[in-house]
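Visitor: I have a structure here, written as structure tokens, and I will follow up with some questions on it.
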Amino acid sequence: MSVPPMKRKPRSRTRIGLNLTAMIDVVFLLLVYFMVATDFTKGEEVYKLDLPARQGAIAPDPFDLDELPLIVMVRSTGSGPGDLVIELKGPYPDIPDPQALAQLLRERKISTANPHGLFKSDHPILIDPLPQARWDHVIEVFNAPVLAGYTNISFQSRQL
Amino acid sequence: MRRRPTEINANLTPMIDVIFLLIVFFVLVSRIVDFDSVAMDLPRPADAATERPEDDARLVINVVPGPDGSARSYKMQAWVVDATPEGARELTAVVREQLMRQPITALSLRADQATRYRYVSSLLTALGEMDRTGLTTPVRLNLMIINEEAR
């Protein structure tokens, strides 16, 4: 007995479907991951100082101090990055910019490579900006002794 | 042959998933923004010898910039005081109160690059004159800048 050939249904065209739902879920999960992992305060850094010392009614007697602090005065002459005047109290050469100040302090720092230097790395350095000095100029000058490796840097106290 | 009208069905399940993901996304993003910081241009020193701030508890004091290098106010969280020596003393009293209540180890000072030093100096002097008796945790002062060479 012969078997009749199976009737073939007409083949419909092959359809390819792509389920996008799972892909959207994964994309959002990746987005959330990167949002959480990204540090939005990138670039914000700090100079760490101690709280300013309390000033008594009487200024400290210079003879009581172990070391006379090095005083760096700052004045702004304009708003540009180079528009500032730096003066170091004492027998020091003119300082044209903060980089020169860093270099001068580095050269005078006592270290194993420079045992005949003038100042130890914890020598007190006081930054004394004029009241009209711009904050960015003050920071540039503050950065110089930090860059040169000094650790005891603060601002000159002023009476309120 | 009569054609049945085309039926369109929308499966809402994945749409609900996406909406919940969006909600989680916005909840997380809103927590990352730091509301303590006032918008200003922090100084950007060249070759900055700075450190990354630590993540421990800190108070952020903003010297809110005004026109021509002046300061409008000092702002710390919800406290806003005049940018004068009296205002600085008032804010210092609030800072002391906060330091007594919480184990804060750092005060972060944010000032615009154009601000004149006199406004920052008043704040530094007032903080220096703060009565530190009773404060058990040592507090440091962090001067905040932008280091474009970071990372």
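Visitor: What distance in nm separates the two pseudo spin-label positions at B:VAL94 and A:ILE110, each 7 Å out from Cα along the beta-carbon direction?
Guide: 4.6 nm
Visitor: Select from segment B:64-151 those GluC sites (Glu not before Pro) which occupy a DSSP coil region and have at most 14 other Cβ atoms within 10 Å, ordered by residue number.
Guide: Filter output for segment B:64-151: B:GLU148, B:GLU149.
Visitor: Pop out the ³J(HN,Hα) list for segment B:15-27 in order, Karplus 6.51 cos²θ - 1.76 cosθ + 1.60 with θ = phi - 60°, rounded to Hz; leave Gly and Pro as x.
Guide: 5, 5, 4, 5, 5, 5, 5, 4, 4, 4, 4, 5, 5
Visitor: Here is a further query. Please work out the Cα convex hull volume for segment A:107-160 and give it in Å³ per residue.
Guide: 81 Å³
Visitor: Would you mind telling me which residue in B:GLN102, B:GLN113, B:GLN77 has the biggest mean-square fluctuation in a Gaussian network model of chain B, where springs connect alpha carbons within a distance under 10 angstrom?
Guide: Between B:GLN102, B:GLN113, B:GLN77, it is B:GLN102 that shows the largest mean-square fluctuation.
Visitor: Something else now. Take peptide A:139-148, look around each residue's Cβ out to 10 angstrom, count Cβ atoms belonging to other protein chains, and average those counts.
Guide: 5
Visitor: Let me ask something additional. Each residue of segment B:57-63 in order: what ³J(HN,Hα) in whole Hz does its phi give by Karplus 6.51 cos²θ - 1.76 cosθ + 1.60, θ = phi - 60°, with x for Gly and Pro?
Guide: My calculation for segment B:57-63 gives 4, 9, 10, 9, 10, 9, 9 Hz in order.
Visitor: Compactness ratio of chain B: Cα Rg over 2.2 N^0.38 Å, N = residue count?
Guide: On the way: Rg = 24.2 Å, N = 151, 2.2 N^0.38 = 14.8 Å.
My calculation over the Cα atoms of chain B gives 1.63.
Visitor: Could I have the simple spin-label model distance between A:VAL36 and B:VAL38, label points 7 Å from Cα toward Cβ, reported in nm to one decimal?
Guide: The modelled label-to-label distance comes out at 3.4 nm.
Visitor: Under the rule of -39500 (n - 2.57) per DSSP H run of 4 or more residues, summed and divided by the residues of the protein assembly as shown, what mean residue ellipticity at 222 nm is obtained, to the nearest 500 deg cm²/dmol?
Guide: Only helices count here, giving -9500 deg cm²/dmol.
Visitor: Can you pull the Kirkwood radius for the protein assembly as shown, inverse mean 1/r over Cα pairs, to one decimal in Å?
Guide: 23.7 Å
Visitor: Mind sorting A:SER79, B:SER73 by how few other Cβ atoms lie within 10 Å of their own Cβ, fewest first?
Guide: Ordered by Cβ neighbours within 10 Å, fewest first: A:SER79, B:SER73.
Values quoted throughout were computed directly from the atomic coordinates according to the rules given, and no laboratory measurement underlies them. The model shown is predicted, which means the values in this text are computed figures rather than measured ones. All Cβ positions, even for glycine, are placed from backbone atoms using ideal geometry, and neighbour counts span all protein chains on display.
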